[in-house]
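Here the structure comes first, spelled out in structure tokens, and everything after it is commentary.
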Amino acid sequence: SEIKELLNSDAKKVLPGRLICKSSNANRCIKNTKSTSLLYIFIKKFKFKGIEDILSNLKDVDFSFIKSDFVARCSREGNHAFASGDVEKKIGEFIFNKGHKVSLNSNEIVYLDIIGNVCMLGRLISSKLDKRPYRIRINNQSITPILAYSFLKFANVKETDSLLYQFCKDGTMLIEAFLLG
């Protein structure tokens, strides 16, 4: 529903916790999202068994969007015979061999989002969207702002409703409720 509100575009669930939508206004989403932790331009989705399958699926990808240098980053959920760092190294080497310069400090991020046996490849355009200016120090036992916002939206909390949140910790749920109005 937030994607619909922000971008006037329908979002489709492609994997648990992953939505895809069409929009030419990613900056609006980056500036205003409350329920998204990162955003990438979708390039390709495929199933795999190992790193070699991932590399094989990248052979037909056009990496011409890389203008100067790049870095490969990987997020991984599930049990695999490899670590995220292994994928980053292999993919970085693969793209380097196509003529692109690697820089670990690059702002051009080729992003692999691995969940189970599915890999989604993209161009990362923004991360850490779950950061909130009111959170000076993060308590690892507190609810995340994204989850708090999502609970409030799901519960359809109104301005006239009263909230009692007994597991307050650092007040994230109540602050998010205030920010929602």
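The values are calculated or read from the model by the stated rules, or taken from the named source; none is laboratory data. Computed from a predicted model, the values in this text were never measured in an experiment. When we count neighbours, we look across all protein chains shown, and the Cβ atoms used for this are built from the backbone with ideal geometry, even at glycine. To get the accessible areas, we keep the full protein, side chains included, count just its heavy atoms, and leave off ligands, DNA and RNA. Shrake-Rupley method; radii C 1.70, N 1.55, O 1.52, S 1.80 Å.
The table below gives the values:
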quantity	calculated
Helix axis angle, 84-96 relative to the chain longest principal axis, alpha carbon, degrees	50 degrees
Spin-label model distance (nm) - K153 vs I20, 7 Å beyond Cα toward Cβ	2.0 nm
The chain - share of DSSP beta bridges that are antiparallel (%, nearest 5)	65 percent
Prolate/oblate/rounded call for the stretch 61-139, Cα gyration tensor, a/c under 1.5 rounded	oblate
Most to least packed among 160-172, 46-58 [average Cβ atoms within 10 Å]	46-58, 160-172
Cα gyration tensor, the chain - rounded (a/c under 1.5), prolate or oblate	prolate
Accessible carbon and sulfur surface of the stretch 37-107 relative to its total accessible area, %, 1.4 Å	47 percent
Accessible surface, 1.4 Å probe, highest first, among residues L39, L179	L179, L39
Dipole of the stretch 1-70, positive end: most advanced residue of V61, S9, I41 [Cβ charges, Cα centre]	S9
GNM top mover of A148, A72, A81 - the chain, alpha-carbon springs below 10 Å	A81
Solvent-accessible surface ranking, highest first, for F70, F178, F154, F42 at 1.4 angstrom	F154, F178, F42, F70
Accessible surface, per residue, of the chain when the full set of protein chains is kept, probe 1.4 Å, Å²	65 Å²
Amide H partners (placed H, <5 Å) of Y40, local residues excluded	I125
Value of [θ]222 nm, deg cm²/dmol, for the chain, DSSP H segments ≥ 4, -39500 (n - 2.57) each, nearest 500	-8000 deg cm²/dmol
Cross-link pairs beyond the 29 Å C-alpha cut-off, checked among K49/K89; K4/K90; K101/K131; K4/K128; K13/K98	K4/K90; K101/K131; K13/K98
Rounded if a/c under 1.5, otherwise prolate or oblate - the stretch 83-128, Cα gyration tensor axes	oblate
About the Cα centre, charge dipole magnitude for the stretch 1-83 (Lys/Arg +1, Asp/Glu -1 at Cβ), debye	220 debye
Under Karplus coefficients 6.51, -1.76 and 1.60, residue-wise ³J(HN,Hα) of the stretch 151-167 in Hz, glycine/proline x	4, 5, 5, 5, 6, 6, 5, 9, 4, 8, 6, 9, 10, 10, 10, 6, 9
Selected from V157, V102, V87 as most flexible by GNM, with the chain as the system and alpha-carbon contacts under 10 Å	V157
For the chain: relative contact order, % (alpha-carbon pairs under 8 angstrom, 6 or more apart)	23 percent
Two-site label geometry, N57 and K169: point separation in nm, points 7 Å out along Cα→Cβ	3.3 nm
